[in-house]
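All remarks here apply to the structure that follows.
What follows is calculated from the coordinates using simple rules that are stated; it is not laboratory data. Quantities reported herein were computed from a predicted structural model and do not represent experimental measurements. As a convention, Cβ positions derive from the backbone with ideal geometry for all residues, glycine included, and neighbour counts pool all protein chains shown.
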Amino acid sequence: MPEQIQQPDPRLADSAFLKAARGEPVPHTPVWFMRQAGRSLPEYLKVREGVSMLDSCLDPDLVTEITLQPVRRYGVDAAIFFSDIVLPLKAVGVDLDIKPGVGPVVANPVRTLADVEAIPDLMPEHVGMITQAVRQLTAELASINGGTPLIGFAGAPFTVASYLVEGGPSKEHAKTKALMFGAPDVWDALMRKIGGIAATYLEVQVAAGASAVQLFDSWAGAVTPEDYAAFVMPHSARVLERVGALGVPRIHFGVGTSNLLGLMGQAGADVVGVDWRTPMAAAIGQVGGRAVQGNLDPTLVFAPTEVMLERAARVIEAGRAAPGHIFNLGHGVIPTTDPDQLKRLTEFVQSYEL
Ligand code: CP3
């Protein structure tokens, strides 16, 4: 791992976001939104004109600008690093692209042990531009709203494996699960490889100044709890364990995980992300004393403002039963979302009397 770890900024340690993540009392419920940077923002569409998604992720100035856009507009309690879960694969030389409106597409899907062994391990040198981007960004964030923490992130092994094995986005994850069930040795090697890449990618981001990390296992809900425990959890746990050594809060999130939340917490999360299908009270009951993040239905921004805010109040009230609660949507911001609704939602959550 990279030698120099930047000392955490003392102002950031007092931020509502980091306090909630550690389960400490907060002045207000902290709020940020998954996919807060992106197509819902006109200023994003403007700077992305003529620049591909991957090229934007590889340009430290553009990453800095795009990451800061929602922080400026909404005054959210945390920024999330603008990148993508497949970026570290691209950095080690996997032939892939991020197609507009589709998502990551991999030229040569992984099926055999030889395919897995052909993927190099990630070295910090592969992602020098990420180090530069995070340093630049955290320097700017330190003076926004008294110090705004940056969340670094990586895709969890299962979710990244799905793109590598399917060759692109998938609904059923059938080829991925066929490999998992049918060739457990190849599966194990693949998951270890991707897990190692994810852990190093997170270490690089924390070394450069990120205050917390989120491990996105967006598609983990595709497996049963038994299969999650046997084939997925040990690999995510190794990533979270390596990051645990860095002393920053770890958020672990997936979609359709109603019956996996307990295991996702046990995998080594400090905060468990909850999608909107699981009632917050039920989630808190499952995660055993951990902090939670979530979980307003992302479509509620299309409802009248008072309906959205009434539902947000319910989420905040339910979140009080956890040692810490970070308000978020139950999945990413939908691209057609009206930014003014997210602004109203942010102000409502931050001024809600606890
Ligand atoms: O603001 C943020 O949350 C940070 C940026 C971010 C992106 N991708 C930018 C992006 C994050 C955290 C991700 C993670 C990611 N990427 C996940 C896990 C989170 C989740 O949503 O469950 C997954 C599964 C991916 C894979 C991926 N990349 C998908 C499904 C897509 C969307 C396809 C589409 O166009 O609808 C992408 C592309 C992508 N990643 C975009 C953005 C802003 C859209 C590209 C564009 O604007 O042209």
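Among G75, G146, G332, the largest mean-square fluctuation in a Gaussian network model of the chain, built with springs joining Cα atoms closer than 10 Å, belongs to G146. Among the lysines of the chain, pairs at least eight places apart or on separate chains and with Cα atoms under 30 Å apart come to 17. Taking the chain as a Gaussian network of alpha-carbon nodes connected by springs under 10 Å, the highest mean-square fluctuation of the residues P323, P88, P27 belongs to P27.
Once backbone amide H atoms are built at 1.01 Å from N, Q293 has V272, G273, V274, I326 as its partners under 5 Å, excluding neighbours fewer than 5 places away on the same chain. For the chain, complete DSSP H runs whose alpha carbons reach 27 Å or more along their own long axis and whose mean Kyte-Doolittle score is 0.0 or higher are 184-207.
Among beta bridges identified by DSSP and lying wholly in the chain, the antiparallel ones come to about 15 percent. Considering only alpha-carbon pairs that sit under 8 angstrom and 6 or more positions apart, the relative contact order computed for the range 196-297 is 25 percent.
Relative contact order for the range 41-288: 17 percent, from Cα pairs under 8 Å spaced at least 6 residues apart, divided by residue count. Segment N145..R311, full-extension length gain: 57.1 nm, with 0.36 nm per residue of separation and the alpha-carbon distance subtracted.
Distance between the pseudo-spin-label points of I334 and E347 (7 Å out from Cα toward the beta carbon): 2.3 nm.
Highest-first packing order for the peptide set 37-43, 247-253 is 247-253, 37-43, based on the mean count of other beta carbon atoms within 10 Å. Each residue, D61 and A282, gets one label point 7 Å from its Cα in the Cβ direction; the gap between the two is 5.0 nm.
Using Cβ point charges alone (K and R +1, D and E -1), the dipole size of the chain about the Cα centre works out to roughly 440 debye. Considering only A282, A198, A222, the Gaussian network model of the chain with Cα springs below 10 Å gives its largest mean-square fluctuation to A282.
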